[in-house]
1. With a Förster radius of 30 Å, plug the Cβ-Cβ distance of His289 and Asn365 into 1/(1 + (r/R0)^6) and report the FRET value to the nearest 0.05.
2. Which of the peptides 186-194, 146-154, 200-208 is most tightly packed, and how do the rest follow, going by the mean number of other Cβ atoms within 10 Å of each residue?
3. Listed highest first by mean packing, meaning other Cβ atoms within 10 Å per residue, what order do 115-125, 237-247 come in?
4. With a 1.4 Å probe and every protein chain kept in, tell me what percent of the accessible surface of the chain is carbon plus sulfur.
5. In degrees, nearest 10, range 0 to 90: what is the angle between the Cα axis of helix 296-305 and the longest Cα principal axis of the chain?
6. Calculate, in nm to one decimal, what Val381 and Val120 gain on full extension: separation in residues at 0.36 nm each, minus their alpha carbon distance.
7. Using only Cα atoms, find the angle between the long axis of helix 49-58 and the longest principal axis of the chain, and express it within 0 to 90 degrees, rounded to the nearest 10.
8. What residues have an amide H closer than 5 Å to that of Gln240, excluding those fewer than 5 places away on the same chain, when H is modeled at 1.01 Å from N in the peptide plane?
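The values are calculated or read from the model by the stated rules, or taken from the named source; none is laboratory data. This structure is a prediction, so every number in the text was calculated from the model and none was measured. Don't worry about glycine lacking a Cβ; one is built from the backbone with ideal geometry, like all the others, and counts go over all protein chains shown. Please note that ligands, DNA and RNA were not included when accessible areas were found on the heavy atoms of the full protein model with its side chains. Shrake-Rupley method; radii C 1.70, N 1.55, O 1.52, S 1.80 Å.
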Amino acid sequence: MLGYVRKNISEVEYHTWFAPVKNLGVQEGSLVLGVRNSFAQEWFRKHYLELLEDALRSLGAEHPQVSFQVLPAAQDALLLPNDPPPPPPGNPARPAAPLIVPGENRKSLNPKYTFENFVVGPNNNLAHAAALAVAESPGKAYNPLFIYGDVGLGKTHLMHAVGHYIAERFPEKRIEYVSTESFTNELINAIRDDRTTQFRNRYRSVDLLLVDDIQFLAGKERTQEEFFHTFNALYENHKQIILSSDRPPKDIQTLEGRLRSRFEWGLITDIQSPEFETRVAILKMNAEHNRIDIPQEVLELIARQVTTNIRELEGALMRVVAFSSLNNVPFSRAIAAKALSNVFAPQEVKVEMMDVLRQVASHYNMPPDVIRGSGRVREVVVPRQVAQYLIRDLTDHSLPEIGQFFGRDHSTVMHAINKVSEALGKDSELTASVELLRRKMKGMDDGEGGD
Ligand SMILES: Nc1ncnc2c1ncn2[C@@H]1O[C@H](COP(=O)(O)OP(=O)(O)OP(=O)(O)O)[C@@H](O)[C@H]1O
């Protein structure tokens, strides 16, 4: 909603009126917004009601209703935004200023970005393990720790998690989190105002320095120079440095060689897009956090729609929640599909090997590991062959890759596929199973009719 509002009013207006608003949830079909005082309440009613209703409409609400409630003074004083404000239009989706939490040494950390709230999966387990190691022995384990990966995959989250962990154990340690953009701007201002000494002292006296989006150093010679000295000062004093980037150091163009080599001194680790199970687990955790009781199958539908960016995945969940509560209907796959249909083009669902195995296992009512195991009885061999056939059919994986997944060689897989192909159309039970599974996997069989 805020994203919509922000596009339609000036930045000043937005900051004056909308930044302090608190979401009090949906009550009897109406979205209740907490505002500071009765003056604001009146102002919102007069000037922003229609805009807010339009915003809800754009999110799929058919009969949007918004009301305003004055917050008690104490709540007002403690007012914290629930989420980082949305990016201004035109900028890539990333949170703006981090949230402020109490605790002297972690002022700039987002309270949500802790290890407890980080779901570990095959896509991020190495980065997670490295971050934990660094958190346990800062300045000793890997220095610097360099985390890279695409947009919205949890780099900032992991960095902050290290910050929280260290802040808790060592309240006296100074922790600084900064985006490369802010670092650059601060430096420019410091030079302009003749305050470079203060600037240097500030960054060279921290115990843990977290720098986000270090790829933006590319082409900025003066900032690189300054960062080089900051890096050296911290490194020599065994202070921990963690850097994030959308690409590994070797791919950052126009980065000075001496900086690149320093970035490679410690450990370089990447985060990949999460696979289906991890996406579902992240959604589940988010739902539990927000005390939303939402069926597993709905989470699975969302996880199939959004496959690459976790920020978007979370956005999709919130969209489904908003859609169903504003329209006062319970969660279902059909409702979720509807809520997401305007934003995410119904896509060919990308199926992964593990998805197929799980579906086949549940169809034949046996654990996935048994199907992948070494058993040779017919009850296991048939599901295994069906799984291999469907993986070949529905994914881009090669025979050797499928073989590896099942711990077998590619000729065994080829044999399995041939067996199933030959039986199709002859063995009616097998044919029905394969067709049912194929439909399920393509997301066509949602059991809800054509809603
Ligand atoms: N493994 C995870 N478990 C739970 N939440 C996650 C996980 N990874 C990312 N998230 C959530 O996804 C959102 C985006 O993560 P984050 O901002 O850390 O991404 P990023 O890689 O730093 O993105 P950018 O490149 O835009 O800076 C955050 O809300 C974060 O909490």
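1. Result of the calculation: an efficiency of 0.35.
2. Per-residue mean Cβ counts within 10 Å order the peptides as 146-154, 200-208, 186-194.
3. Peptide ranking by packing, descending: 237-247, 115-125.
4. So the carbon and sulfur contribution to the accessible surface is 51 percent.
5. That works out to roughly 80 degrees.
6. Extending this stretch completely gives an extra 90.7 nm.
7. Between helix and principal axis, roughly 30 degrees.
8. Counting only residues 5 or more places away or on other chains, the set is Gly139, Leu209.
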